[in-house]
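Below is one structure, written out as structure tokens, with a few remarks after it.
The values are calculated or read from the model by the stated rules, or taken from the named source; none is laboratory data. It should be emphasised that the depicted structure is a prediction, and the values quoted were computed from it without experimental measurement. Here the Cβ positions follow ideal geometry from the backbone for every residue, glycine too, while neighbour counts run over all protein chains shown.
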Amino acid sequence: MRALIISDIHANLPALEAVLAAAPEYDVVWNLGDIVGYGANPDEVVDLAKKLGGMVVRGNHDRARSGNIKPDEYLNLNRDARCSVDWTQEILTKGNAKWLSRLPRGPVRPLGHKVACVHGSPCGEDEYVFFREDARAAFRASRARIIFCGHTHWQVGWSLNGRELTPLKPEFQSSEGLDQFELPLRSENRYVLNPGSVGQPRDGDWRAAFAVYDDTHSVVTWYRVPYTLLMAQTWILRAGLPEFLADRLRMGR
Ligand code: ZN
């Protein structure tokens, strides 16, 4: 069984299309949320996510866009994020807003106790797994052997063997083309793994990120794929969204 794992698409249609074109054969899609927000193609991306099916958990932006956000949570967003919340809420079709509002809160377990999928962390759907302590807390909060999470927009991971925690990071051959990095999973280890962000990477690499989990061979492969950045940026500017949201795509920050 092979699962295509995508997260943080953020309404970036060219990036999602590039990911789907580059992905090897897979049996199912596991979508870790934040389908909309920041980017200029929320409806097209939601339509595509619906078509892909599989397992989808909600992200904080999906909640915000479908009106499912607390007032103080909204006020805590930065100016650009708030602007894109308002814009997306206005443009999204009723049907798509409803679909987003019904997405389950993670963790969801698509393979029994083996795998948990969540947007942020098993500690909380909006918690971030950036650092060692966050990873340790994530392992403590879940019994799953492999935890897939998004939210940070960093393509990274950790393995745990006993009390020994090891950070993991893909090593790619290039910084421009399609690239992949295989991580064989050891049966004695547990893992927290982030596929990276499809539509707004923040780990210094502008290329769209995703991962494939091969359950049969116990391997996770991290991928980066270039996409038509200019198209995504043009649509953001044409929609009247903040210029920074277009600039940051090029920087991968
Ligand atoms: Zn996100």
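For this structure, a couple of remarks:
- Qualifying residue in region 160-181 (condition: under 20 Å from Trp30 (Cα atoms), surrounded by fewer than 18 Cβ atoms within 10 Å (Cβ to Cβ) and at pLDDT 95 or above): yes
- If you check Ala49, Ala97, Ala18, Ala3 for being part of a helix (DSSP H, G or I), modelled with pLDDT of 95 or more, more than 16 Å from the ligand (Cβ to nearest atom) and among the small types (Gly, Ala, Ser), only one passes: Ala18.
- Scope region 132-158; condition in a loop (DSSP other than H, G, I, E, B) and within 17 Å of the chain's Cα centre (by Cα); matching residues: Gly150, His151, Thr152, His153, Trp154, Gln155, Val156
- Out of Gly120, Gly157, one residue alone is closer than 21 Å to Ile6 by Cβ, among the small types (Gly, Ala, Ser) and within 15 Å of the ligand (Cβ to nearest atom). It is Gly120.
- Here the condition is being within 16 Å of the ligand (Cβ to nearest atom) and modelled with pLDDT under 95; of Arg253, Arg202, Arg248, it holds for Arg253 alone.
- Every residue from region 168-197 that is hydrophobic (A, V, I, L, M, F, W, C) and either within 16 Å of the ligand (Cβ to nearest atom) or part of a strand (DSSP E or B) (or both): Leu168, Phe181, Leu183, Val192, Leu193
- Cβ separations smaller than 9 Å between residues 6+ apart or across chains give the following pairs from region 163-184 residues that are among the hydroxyl-bearing types (Ser, Thr, Tyr) to residues that are part of a loop (DSSP other than H, G, I, E, B): Thr166/Asn189; Ser175/Asp205; Ser175/Trp206; Ser175/Arg207.
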